[in-house]
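Before any comments, here is the structure.
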Amino acid sequence: MDQVRILGVDELDSGWEDHLPRFRVYLHGSGDDTTAGWTHAYDVTGADALQVIDWAQRQAADTLTFAVALVVDDKDQGRGLVWLVGMDGNDMVTTAAQEDAQRRMLLRRWLPVGVPVADRIPYDAFDPFGKQSDLR
C-alpha cells in the first residue's frame with residue numbers, strides 16, 4: 001500500500017474554489033469477495049461530500065459496494081474523476097493501494113462510514129433502490 005503522508009501547506013496556495021461541486025457515485029452489484037459487477041452511476045449536485053457518502057451508503061446498504069468521486073471538467077483533458085472514497089469496482093487492480101481500496105469498499109457493507117445526523121442527505125432525495133425508508 002502507498003504510504004500515507006500528511007504535510008503542512010500554505011492555505012493561500014490555491015487559485016480557485018468551486019462551491020457547487022458535482023460528485024459521481026458508483027454503486028456496484030458486486031460479489032461477496034469482489035467489487036466487480038454491474039454498475040449504476042449517478043451525479044449528485046447541491047450536496048457536500050458527507051451528504052453524498054451518506055446517500056451512497058444508504059443505497060449500497062449491506063449488498064452493494066459504492067465509490068464516490070469528484071467530477072472535474074478540464075478544458076484540456078475533458079471530464080475526469082478524482083476518487084474520494086473507493087474506486088471503480090470494475091477497474092483492474094494493479095497496485096497495493098487499489099487492492100486496499102477495494103478491500104475497504106467490501107468492508108463498508110458491514111462497517112459503514114459514520115455520518116452525523118446533521119450531515120445526512122435529506123430523506124426525500126432520489127432513491128433508485130427503495131432502501132432509504134429502512135434507514136431512518
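The values are calculated or read from the model by the stated rules, or taken from the named source; none is laboratory data. Here the structure is a predicted model, which means the values were calculated and not measured. Ideal geometry is used to build each Cβ from the backbone, glycine not excepted, and the neighbour counts take in all protein chains shown. What goes into the accessible areas is simple: the full protein's heavy atoms, side chains included, and nothing from ligands, DNA or RNA. Shrake-Rupley method; radii C 1.70, N 1.55, O 1.52, S 1.80 Å.
Here are some notes:
Rundown of residues vs (1) closer than 27 Å to V4 by Cβ; (2) under 14 Å from the mean Cα position of the chain (by Cα), yes/no style:
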site: P21; (1), (2): yes, yes
site: T34; (1), (2): yes, no
site: H40; (1), (2): no, yes
site: D48; (1), (2): yes, yes
site: D91; (1), (2): yes, no
site: A96; (1), (2): yes, no
site: M105; (1), (2): yes, yes
site: V113; (1), (2): yes, yes
site: P128; (1), (2): no, no
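- When A101 is tested against (1) under 16 Å from the mean Cα position of the chain (by Cα); (2) exposed (fewer than 14 other Cβ atoms within 10 Å of the Cβ); (3) closer than 18 Å to F23 by Cβ; (4) of a type outside the set (F, W, Y), just one condition goes unmet, and that condition is (2).
- Residues of segment 55-89 classified as of a type in the set (S, T, Y) and farther than 15 Å from G130 by Cβ, total: 1
For every residue, the table says whether it meets (1) under 17 Å from A36 (Cα atoms); (2) among the aromatic types (F, W, Y); (3) at pLDDT below 95.
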| site | (1), (2), (3) |
| --- | --- |
| D54 | no, no, no |
| A61 | yes, no, yes |
| F66 | yes, yes, no |
| V72 | no, no, no |
| Q77 | no, no, yes |
| G80 | no, no, no |
| W83 | yes, yes, no |
| G86 | yes, no, no |
| M92 | yes, no, yes |
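- Test: A36 is open to solvent by 30 Å² or more (accessible area, probe 1.4 Å), of a type in the set (G, A, S) and within 25 Å of Q102 (Cβ to Cβ): yes
- Of all residue pairs spaced 6 or more apart or on separate chains, those with beta-carbon atoms under 8 Å, a first member in segment 2-26 that is surrounded by fewer than 10 Cβ atoms within 10 Å (Cβ to Cβ) and charged (D, E, K, R) and a second member that is at pLDDT 90 or above and part of a loop (DSSP other than H, G, I, E, B) are D2/T95.
- Hits in segment 81-101 (condition: under 15 Å from V44 (Cα atoms) and without any contact (Cβ under 8 Å) to a residue 24 or more places away in the chain): V82, W83
- Given (1) surrounded by 14 or more Cβ atoms within 10 Å (Cβ to Cβ); (2) in contact (Cβ under 8 Å) with a residue 60 or more places away in the chain, number of the condition V68 does not satisfy: (2)
Conditions (1) more than 14 Å from V25 (Cα to Cα); (2) out of contact with any strand residue (DSSP E or B) (no Cβ under 7 Å at 6 or more places or on another chain); (3) of a type in the set (K, R), marked per residue:
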position: A67; (1), (2), (3): no, no, no
position: Q77; (1), (2), (3): yes, yes, no
position: G86; (1), (2), (3): no, no, no
position: D91; (1), (2), (3): yes, yes, no
position: D100; (1), (2), (3): yes, yes, no
position: L106; (1), (2), (3): yes, no, no
position: V117; (1), (2), (3): yes, yes, no
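- Residue list for segment 117-134, filter: touching a residue at least 12 places away in the same chain (Cβ under 8 Å) and open to solvent by less than 80 Å² (accessible area, probe 1.4 Å): D119, I121, Y123, A125, D127, P128, F129, K131, Q132
- Check on W55, free of Cβ contacts under 8 Å to residues at least 24 places away in the same chain and surrounded by 15 or more Cβ atoms within 10 Å (Cβ to Cβ): no
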